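Take a look at the structure set out below.
All of the numbers you see were taken from the coordinates with simple rules; none came from a lab. Everything numeric here is computed off the predicted structure, so don't read it as measured data. So basically every Cβ, Gly included, is an ideal-geometry build from the backbone, and we count neighbours across all protein chains shown.
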């Protein structure tokens, strides 16, 4: 199987690049395209690739699809996703060019999660072509709404009744058996008086550290800014940051916070000043929610993290959305109560929230043990279980964990500009996933 992948590595690379060239960011739904035309195009491409490799390929109403091989009553599932977050700014190469430079394929989705998903599909292809016998069916699932709601998985579980057991190729090796809970909270303040001073916008998704935020003054204002991460263009202050995954806010620079640190020096009306004070003094550069009063930590999964991902201020209201990753022994009710109390003191209320409960699979479970064994055999390194703040489709499974594609100590590239996958890594994880599928399905 490994030899087959080595002999067909060029095919693996080109199939990956084909999918990466499609901008599959969620957009407004259209007829027969529930998450927009770009996502639909990527799904159809994944289905075509699956058919070209000789698999049964199923498209579930353009909501999601899967490739299937094997027979039997039991099913092993590999749940990846082919939607991506917006490309953001600061790319050295076209974000959908899938260009190869210095042995790396650069594109949005290269590591999160198109590259690993195609690697898993190719691992199954190598298993099939090597005539290795399995006793279960295997599905490589192409999720389409992972970055913004997981509606595709709800649909999948409604339509396909088989238990979901397996892994998601969307995180880090060796095995992630603990994923923090995820809580998105939107705060809103309706202004008592019309805001005719400034408009503010910043961020694209709650689960991204925002790399851009701007304030537009609506009346003549003496704008003078001395800040290395901000510029003045006409009547606008534009703050720049560094994007990062919302689960790792310490790896980025939050442009919204930068903007409000600047606005803190301006003479504004009472309501705007209270908004500024809330962000600067209750959020600031604190990634762990200590200032806000929601901090929590446990031995299984570490610190709670907090990211202010999106903000909008218009003439009538201010609205901001936070992405919080909380430890597996914590609970959303505790956090919501604190948020509600602190927000009310600054004139805000919780207008919306959604919650994903934590994931925990015991490390002695056979699923975890088999995957750790595969990791050790394929890499020669000791396997262990770890926790993370990110969310993978593993948490929608009846029994699932996250398994690769990153190795311990590697740079976190998801949601960043200049995202890439190293070609040697792509080939290596295809081999690991092929072996893992075989061990789970034989």
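Take every Cα pair under 8 Å in the range 184-355 that's 6+ residues apart, average their separations, divide by the length, and report that relative contact order as a whole percent.
Numbers: 378 pairs, mean separation 53.8, N = 172.
The value is 31 percent.
Assuming 0.36 nm per residue, please report the length gained on full extension of the stretch residue 281 to residue 74 beyond their Cα-Cα distance. Walk me through the numbers on the way to the answer.
Working: separation 207, 0.36 × 207 = 74.52 nm, distance 5.38 nm.
So the extension gain works out to 69.1 nm.
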When the chain is fully extended, how far beyond the present Cα-Cα distance does residue 355 get from residue 48, taking 0.36 nm per residue of separation?
107.1 nm
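What ranking do 14, 26, 315 get, fewest neighbouring Cβ atoms within 10 angstrom at the top? Numbers along the way, then the final one.
On the way: 14 10, 26 22, 315 13.
Ascending Cβ contact count within 10 Å gives the list 14, 315, 26.
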Taking the chain as the reference, fit the longest principal axis to its C-alpha atoms, fit the long axis of helix 423-441 to the helix C-alpha atoms, and give the angle between the two in degrees, 0 to 90, nearest 10.
60
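Mind sorting 301, 201 by how few other Cβ atoms lie within 10 Å of their own Cβ, fewest first?
On the way: 301 24, 201 18.
Final ranking by Cβ density, sparse to dense: 201, 301.
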Cα axis of helix 366-379 to longest principal axis of the chain: angle in degrees, 0 to 90, nearest 10?
80
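Taking 8 Å as the Cα distance limit and 6 or more residues as the minimum spacing, I'd like the relative contact order of the chain as a percentage. Intermediate values should be presented prior to the final figure.
Details: 1042 pairs, mean separation 106.8, N = 442.
Over the chain, the number comes to 24 percent.
Of the beta bridges DSSP finds with both residues in the chain, what % are antiparallel, to the nearest 5?
Working: 66 of 86 bridges.
Of the beta bridges lying entirely in the chain, close to 75 percent run antiparallel.
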Using Cβ counts within 10 Å as a stand-in for footprinting exposure, how do 45, 28, 199, 349 rank, fewest first?
28, 349, 199, 45
Structure-derived Cα extents along the principal axes in Å: which label, when the choices are (i) 76, 49, 40; (ii) 73, 43, 42; (iii) 81, 52, 48
(ii)
Residue 222 paired with residue 346, simple spin-label distance in nm, labels 7 Å along Cα-to-beta-carbon
2.8
Helix 332-345 versus the longest principal axis of the chain: what angle, 0 to 90°, nearest 10, using Cα atoms?
20
At R0 = 30 Å the Cβ-Cβ FRET efficiency linking residue 235 and residue 192, nearest 0.05, sits at 0.75
Within the range 358-391, find all residues whose amide N lies under 18 Å from a label point positioned 7 Å from the Cα of residue 424 along Cα-to-beta-carbon.
378-381
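What FRET efficiency comes out for residue 333 versus residue 28 if R0 is 30 angstrom and r is the Cβ-Cβ distance? Round to the nearest 0.05. It would help to have the intermediate numbers written out before the result.
Details: r = 34 Å, r/R0 = 1.12.
My answer for the efficiency is 0.35.
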